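Asker: Take this structure, written in structure tokens, and hold onto it; I'll ask about it next.
The values are calculated or read from the model by the stated rules, or taken from the named source; none is laboratory data. These figures come from a predicted structure and were not determined experimentally. For neighbour counting, all protein chains shown are included, and Cβ atoms are generated from backbone atoms with ideal geometry for every residue, glycine included.
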Amino acid sequence: MRGEVHANVGVSARSDARHGDGLPALAVRWLGVVPYREALARQASLVEERRAGGIPDTLLLLEHPNVITLGVKRASARANVTAAPDRLKELGVELAEAGRGGDVTYHGPGQLVAYPILDLRPDRCDVHRYVRDLEEVMIRVCADYRLAAGRIMGLSGAWIEGRKIGAVGVRISRWITSHGVAFNVAPRLDYFRLIVPCGIPDRDVTSLARELGRDVAVREVITSFVRAFAAVFGRAPLLDASVEPDGAR
């Protein structure tokens, strides 16, 4: 299922919209499976709408088809793609430049991708704080599943005993954010062997399903993720009809 981010989300969707408790509004939209380049174009358009004040802060939640994305340090990112082009083609894995920070990463089915389009002004204009806050969201989601996640000094992302469960790669343009996080719910972990994830050769990658020892659907995690995001960023989520309760398929 796909959908656009529309201004009509049930309440005023102006950029200054606030909930009854005074918190800034956060429009939340589940897009389903979206090709990577299409998601890039959507983000670029929404960033300009946010800058112009036409929409409130917005959180896009989605999955991507199999794709390997390269950060702004393209030379090192390409060097960390270990699979040959023919192998990527055989597996149906696209290679795309991302225009975000970070090195190389993999996206695919079973991974919850979150793209916040936020105006960090006036009180959150701190890049390091923003990255730490995104990590905190994923750490809290893990806690909802009784998993103790945390950080590793000098590395970004969310980690469980040295295994990376969530990656962060952001772009901030005049304090409007795009790109965001990739949280491993139940992706095929063997596809991470096609790369050196985030350019870190000596760390393992894990998923919620692996840590829990059971199947977990991406849609099951949405409510927990939105709740954690709203709490960390002090926003009041405005849920589009596409965002259904836990366990929805």
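Asker: Checking the conditions here, which among D204, D215, D126 is surrounded by fewer than 16 Cβ atoms within 10 Å (Cβ to Cβ) and free of Cβ contacts under 8 Å to residues at least 24 places away in the same chain?
Answerer: D126
Asker: Separate question: Identify, from the list G53, G102, the residue that is assigned to a loop (DSSP other than H, G, I, E, B) and more than 16 Å from the chain's Cα centre (by Cα).
Answerer: Matching residue, one of G53, G102: G53.
Asker: Let me ask something else. If I ask for residues that are within 14 Å of V168 (Cβ to Cβ) and in a strand (DSSP E or B), which ones from region 105-132 would you list?
Answerer: Selection gives T105, H107, Q111, L112, V113, A114, Y115, P116.
Asker: Mind checking whether some residue in region 19-35 is over 18 Å from the mean Cα position of the chain (by Cα), crowded, with 19+ Cβ neighbours inside 10 Å and assigned to a strand (DSSP E or B)?
Answerer: Scanning region 19-35, I find at least one residue that is over 18 Å from the mean Cα position of the chain (by Cα), crowded, with 19+ Cβ neighbours inside 10 Å and assigned to a strand (DSSP E or B), so the answer is yes.
Asker: Kindly indicate whether S242 is under 25 Å from S45 (Cα atoms) and among the polar types (S, T, N, Q).
Answerer: Yes.
Asker: Pairs please, first residue from region 150-171 and on the phi > 0 side of the Ramachandran plot, second anywhere and part of a strand (DSSP E or B), Cβ atoms under 7 Å, 6+ apart in sequence or on different chains.
Answerer: Between residues of region 150-171 that are on the phi > 0 side of the Ramachandran plot and residues that are part of a strand (DSSP E or B), the close pairs are G157/K164; G157/G166; G157/A167; G157/V168; G162/D204.
Rundown of residues vs (1) part of a strand (DSSP E or B); (2) touching a Leu at 6+ places or on another chain (Cβ under 8 Å), yes/no style:
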site: A158; (1), (2): yes, no
site: V170; (1), (2): yes, yes
site: G180; (1), (2): yes, yes
site: R193; (1), (2): no, no
site: D202; (1), (2): no, no
site: R210; (1), (2): no, yes
site: R214; (1), (2): no, no
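Asker: Let me ask something else about it. Answer yes or no: is there a residue in region 175-186 that is at pLDDT 95 or above and over 22 Å from A98 (Cα atoms).
Answerer: Within region 175-186, one or more residues are at pLDDT 95 or above and over 22 Å from A98 (Cα atoms).
Asker: Continuing with this model, one more query. So A75 fits all but one of (1) of a type outside the set (V, I, T); (2) at pLDDT 95 or above; (3) assigned to a helix (DSSP H, G or I); what number is the exception?
Answerer: Every condition holds for A75 apart from (2).
Asker: Among the residues of region 56-71, is any surrounded by fewer than 19 Cβ atoms within 10 Å (Cβ to Cβ) and closer than 24 Å to P237 by Cβ?
Answerer: no
Asker: Same structure, new question: Taking A149 as the residue in question, decide whether it is surrounded by 20 or more Cβ atoms within 10 Å (Cβ to Cβ) and more than 16 Å from the chain's Cα centre (by Cα).
Answerer: Taking the combined requirement at face value, the residue satisfies it.
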